[in-house]
1. Filter the cross-link list K245/K350; K82/K116; K26/K373; K116/K245 down to pairs whose alpha-carbon distance in this structure exceeds 29 Å.
2. What percent does the relative contact order of the chain come to when contacts are Cα pairs within less than 8 Å and at least six residues apart?
3. Principal axes first, then extents: for the Cα atoms of the stretch 324-425, list largest minus smallest coordinate on each axis, whole Å, largest first.
4. Using a 7 Å offset from the Cα along the Cα-to-Cβ direction at both T2 and K390, what is the distance between the two label points in nm, to one decimal?
5. Looking at F139, Y409, A343, which one has the Cα that reaches farthest to the positive end of the dipole of the chain (charges on Cβ: Lys, Arg +1; Asp, Glu -1)?
6. Take the eigenvalues of the Cα gyration tensor for the stretch 1-97, scale each by 5, and report the square roots as semi-axes in whole Å, largest first.
7. To one decimal place, what orientation-averaged projected area in nm² is obtained for the convex hull of the Cα set of the chain?
8. Given R₀ = 22 Å, what would the calculated FRET efficiency be for S70 paired with F135, taking r from the Cβ atoms and rounding to 0.05?
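The values are calculated or read from the model by the stated rules, or taken from the named source; none is laboratory data. All values derive from a computational prediction rather than experimental measurement. As a convention, Cβ positions derive from the backbone with ideal geometry for all residues, glycine included, and neighbour counts pool all protein chains shown. Heavy atoms of the whole protein, side chains included, go into the accessibility calculation; ligands, DNA and RNA do not. Shrake-Rupley method; radii C 1.70, N 1.55, O 1.52, S 1.80 Å.
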Amino acid sequence: MTNTSSPLFQPLALPNGSTLPNRICKAAMEENLAVQPGQYPGQKLFALYRQWAEGGTGLLLSGNVMVDPSALTGPGGVVLEKGTDLTPFREWAQIGKSSGGQFWLQISHPGRQLYKSLGETAVSPSGVELNLGKFSKLFAPVRALDEGEIRKIITRFADTAELAQEAGFDGVQIHGAHGYLVSQFLSPLTNKRDDEWGGGLENRARFLLEIVTAVRQRVKLSFGVGLKLNSADFQRGGFAFEDAKQVVEWLNGHGLDFVELSGGSYESPAMQGNPDDASGGAASSTVQREAYFIDFARQIAAVADMPIMVTGGITKFETAEAAIAKDVNGFGVELLGIARALAADPHLTKHWQEGLNQQVGLPEAGFSSATLKGLATMALTKAQLERMAKGKTPGDGGSATLALVADQYRAAKRAKAYRAWRAAG
């Protein structure tokens, strides 16, 4: 029995005038597969995205593409800045769009969530160090940004968006979630500034709004601009549900084509279903099961002038259908982000249409430490991506311990190559 009549497979018209062929988006995952030296896309990323393109998903979002070569979320991250050779990016864009879906780059800056192995100093709004217990030592020392540096980073986001358009991508998604730099500005836990960039929510949101404005001014109206935003930090005293709702209201009229809602950070990995603090309002009822953020997303949709996308733990077709359904007031999510399930089955969208693989099995890490469990869960998914990048089927990720060790080995090797590249200028 096929599911072709499901709302999941209806087209979605975006505010920029383009249309997605269906409501499923391959949400961003950290691939760390850039060619080194150079930090640019190559055959591994081409092979990976060819599988996803062939799978029929309406929108593909890349993993983090960094706006600053000194600030990577991982040592194998892609960098796109002024002066970058666009040739491999053009090939990547063509591959991602080859089966009729759209392909957007997720553009990002890690802020304080920068690994020490990269040999750089991390920056953040206020220089607040990560608190991950014994794992804190894995991260670089942090210093506060000055006014001029803040302005330069805003410009870098706009530069990267403009280059993505030139290379042939359909849009960019600004990463404002998961504890990265934009999220750090939004959160009172990491933004202790007393100037125009800190204090009340309006000032803390200024960095994000100025990035959105700068990006939209530099690209065509037909070029997509999206945002990934935390529904909450899931940490006491942090960025909360009502804060996110207010920020989305302020973003109305800024030319966004969708807002993706997720949650958490390295300190509280709610995006993997493991929040440090699950207290608070609309998401508390969903945080421990699939579609972690759907309840809150429907409330956001009621005040947003752009489509809302929700991402978080969806593995079942029936859950996906329920997530896209509208509430009693007619508000709902228009786009569904799926990450780990598409690492386990890159053709999941087609399979769901055909009535196949209605529940995807995901590899799980059984560690008691939330931090270790988060790292191991990512390592298992990366093991699947590594196999796909070699043209193989994803497999199940193997042993969590072995996957974590292998991931750390690859990361160390890539960090050494990255440091050499940076030293060479």
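1. The pairs that break the limit, which is 29 Å between Cα atoms, are K245/K350; K116/K245.
2. 17
3. 56, 34, 32
4. Going from the T2 label point to the K390 one covers 3.6 nm.
5. Y409
6. 29, 14, 12
7. Dividing the Cα hull surface by four gives the mean projection, 18.0 nm².
8. For R0 = 22 Å, the calculated efficiency reads 0.45.
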